[in-house]
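**Student:** Questions regarding the structure given below will be posed in turn.
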Amino acid sequence: MENLTQSFYAGLSTNTSNFPQFLFNTLGNQTFIMKKIFLKNNTVALSPLVVIIFIGFLQHDLTFSQQTNSGNSRVLFGQSDTSTSQAETRAGISTSPSDRDDTTKSSPGVNSRGDFTSSPSNAEYDPIAANGRYFEDWDTPQLALVFTGGLDGYVEPCGCAGIAQMKGGLSRRATFFKELRAKDWPYIAIDNGGFVKGFGRQEELKFSSMIEPSIVGQMKYDAIGIGPNDLRLSADALLPYTTSSPDDPSVFTSANVGVYDFNPVLTTPFRVIDKHDVRIGVTSIIGKSWQPKNISNNGILLDDPVERLKRIVPQMEEARCKWLILISHASAQETLEISNAFPQFGIIVCADTPSEPPLMTPKLVTDSNPARYVIETGEKGKFAIVIGFFGSDYTTVKYQRVAFDSRYENDRVIVEQMQDYQDNLRDELETKGLAGFGIRPVPPPNFNLLGKYVGSAKCEPCHQDDSYRVWRRSDHAKAWVSLAETSVPARIYDPECVCCHVVGWNPEERYPYLSGFSNEKGNITLDLVNVGCENCHGPGEKHCLVEPEGAGTEDERERYRAAMRLTTDETGQRLCYTCHDLDNSPDFNFDEYWSKIKHVEKVILEDE
């Protein structure tokens, strides 16, 4: 590397007239080395000069011309057909459940499957009974197109309510692809994009150490779109993955997103996939209806999707693909309009999707011949849609919705990548603290009245015979254990998980309150772990200060007691739902769960 650097600078002063050629001659087969440097921890800040240099040497000898063959470009989009049977007859679609003979139920406890978390309820759950069998009447297809998307940051299911009952997870998805390869099925994998949900350093670490290595490195997707939330990653963080070189073309593609420039070296406008004796063209767009109003992300460019498609669709047609596929990050209405404007696209993947995609059949364009399909993949990466083409002419088509449920074991490599991600979070917290994630504590609710958090142990002396005894026996008092010991790998440094397992965090917005739990720079406030009394009742400092005999007046005592008192009406239930939401606790029922932690103080009964 040192010799490479020296030769670079030595030649720089004498080769400015043909800079791209000079770079290529200097670096030779090392042209991709700069991209790998950018990948290292995503810490390189790019200057305009660096970007120009980067474009120069990567653009040299990089060609996007496509060879032609005898294939034709056909396929996709439209309104939902009101007659399922007619749609299936017209398109030759048959519906199928699963070809897996394994009906073994998941067992509780951390086991050889590598479960991230587990629960006694796992033993009662049969994913095949719940979601059906897959590919039950399928022979080996001529080609299978596999569509996923909308991960939205949910790399693995939380598991708080029992991992077996929850869908999704990259580790299960990887096992699904392993099973397709074991069947020796010819498939092409396409993801919508939409990988992240939030902003900042944690999302960048999640993408670089977990999402990209698994999606691209392990599962080897053939094409990936770029969604509007992906633009929340900085241009510096995106560039290593969108950049192409002759030996390493990027699988990320967008017709109307540019990273630093609308240059095909920096952002591939479309992908042409030659695989399994068929050629597929894929691109993606972010429609006007879904474009962020204000992009405060230097280096990210967005253009009109229709104008960009007018430029690149003729280039895609020149490649003579069997099908052209458009990933549309836009409203369903705008997607329909774009599909009508560009009938060359036979398959459109619409990101404006219901939480669960259609079970039986995709949407079809009425009276379309050949049939054109709209694919919906659902939310949070919980599903795959598999379109199977059969026969030498690909005219017989089958559709299968696959839920990534607990029938799929956790892939060990993905588990290791999850560990890498958690290690990176820990390192960031230990060196930079929460400020490294752009997270800063704020005063807790009622801070001026109630003061700071003090921990549940402070409640025991006065409440040991009533509420504290109930709490100690509840799962709330073990919430930290589920992160530190039950979860594999442990997630005690993950703000997205910690927020619902400690005292003094906002679980919906995922930030800490002043005096709340902290695990920064090697220090963990163990007196604030677990879901404690103050999660619901508020900070207890002032209340504890005035309760001892002679420490406060009766008016002061009643003032703080009243401020911390809760009822089981709408206000009390609302607090439960901040953590027990559809993502983390899909089967939550307030009456059922409340019965497990019900506690009523005698003093309240006497007052009433």
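The values are calculated or read from the model by the stated rules, or taken from the named source; none is laboratory data. All figures in this text were calculated on a predicted structure; none of them were measured in a lab. Here the Cβ positions follow ideal geometry from the backbone for every residue, glycine too, while neighbour counts run over all protein chains shown. Ligands, DNA and RNA are excluded from the accessible area calculation, which covers all protein heavy atoms including side chains. Shrake-Rupley method; radii C 1.70, N 1.55, O 1.52, S 1.80 Å.
**Student:** Out of the residues in segment 307-333 that are free of Cβ contacts under 8 Å to residues at least 40 places away in the same chain and within 22 Å of Gly149 (Cβ to Cβ), which is surrounded by the fewest Cβ atoms within 10 Å (Cβ to Cβ)?
**Tutor:** By that ranking, first place goes to Ala332.
**Student:** Take Gly516 and tell me if it is under 20 Å from Ile439 (Cβ atoms), surrounded by 14 or more Cβ atoms within 10 Å (Cβ to Cβ) and at pLDDT 85 or above.
**Tutor:** Yes: the conditions hold for Gly516.
**Student:** When you check Leu326 against the structure, is it of a type outside the set (Phe, Trp, Tyr) and part of a loop (DSSP other than H, G, I, E, B), yes or no?
**Tutor:** no
**Student:** Specify the residue that is nearest to Trp138 (Cα to Cα); the eligible residues are those in segment 399-453 that are among the acidic types (Asp, Glu) and touching a residue at least 24 places away in the same chain (Cβ under 8 Å).
**Tutor:** Only one residue tops the list, namely Asp405.
**Student:** Please go through segment 469-487 and give me each residue that is touching a residue at least 60 places away in the same chain (Cβ under 8 Å), open to solvent by less than 70 Å² (accessible area, probe 1.4 Å) and assigned to a helix (DSSP H, G or I), ordered by number.
**Tutor:** Val470, Trp471, His476, Ser482, Thr486
**Student:** Let me ask you something else. All but one of (1) within 27 Å of Gly217 (Cβ to Cβ); (2) open to solvent by 10 Å² or more (accessible area, probe 1.4 Å) hold for Tyr408; state the number of the condition that does not hold.
**Tutor:** Unmet condition: (2).
**Student:** Residue by residue through segment 528-559, note down the ones that are of a type in the set (S, T, N, Q) and over 22 Å from Gly572 (Cα atoms).
**Tutor:** The answer is Thr553, and nothing else.
**Student:** Considering only strands (runs of 3 or more DSSP E) fully contained in segment 238-290, which possess at least 2 residues that are open to solvent by less than 20 Å² (accessible area, probe 1.4 Å) and either modelled with pLDDT of 95 or more or basic (Lys, Arg) (or both)?
**Tutor:** 257-259, 278-286
**Student:** Follow-up question, since we're still on this one. Of the numbered conditions (1) in a loop (DSSP other than H, G, I, E, B); (2) closer than 26 Å to Lys220 by Cβ, Val386 fails exactly one; give the number of that condition.
**Tutor:** Exception for Val386: condition (1).
**Student:** All but one of (1) within 21 Å of Pro354 (Cβ to Cβ); (2) part of a helix (DSSP H, G or I) hold for Gly150, so report the exception by its number.
**Tutor:** (2)
**Student:** Something else about it: Please tell me if Glu460 is touching a residue at least 40 places away in the same chain (Cβ under 8 Å) and acidic (Asp, Glu).
**Tutor:** no
**Student:** Six or more apart or on different chains, Cβ atoms under 7 Å: show the pairs whose first residue is in segment 546-570 and among the aromatic types (Phe, Trp, Tyr) and whose second is open to solvent by 50 Å² or more (accessible area, probe 1.4 Å).
**Tutor:** Going by the 7 Å Cβ cut-off, the qualifying pairs are Tyr560/Lys542.
**Student:** A further question follows. Determine if segment 500-519 includes at least one residue that is in contact (Cβ under 8 Å) with a residue 12 or more places away in the chain, closer than 25 Å to Arg440 by Cα and part of a helix (DSSP H, G or I).
**Tutor:** no
**Student:** Kindly indicate the residue of segment 440-491 that is under 30 Å from Gln419 (Cβ atoms) and of a type in the set (Asp, Glu) and also modelled with the lowest pLDDT among those meeting that condition.
**Tutor:** Glu485
**Student:** Could you tell me which residue of segment 585-608 is modelled with the lowest pLDDT, considering only residues that are part of a loop (DSSP other than H, G, I, E, B) and open to solvent by less than 40 Å² (accessible area, probe 1.4 Å)?
**Tutor:** Going through the qualifying residues, I end up with Glu601.
**Student:** Any residue at all in segment 381-390 that's buried (at least 22 other Cβ atoms within 10 Å of the Cβ) and on the phi > 0 side of the Ramachandran plot?
**Tutor:** Taking every residue of segment 381-390 in turn, at least one turns out to be buried (at least 22 other Cβ atoms within 10 Å of the Cβ) and on the phi > 0 side of the Ramachandran plot.
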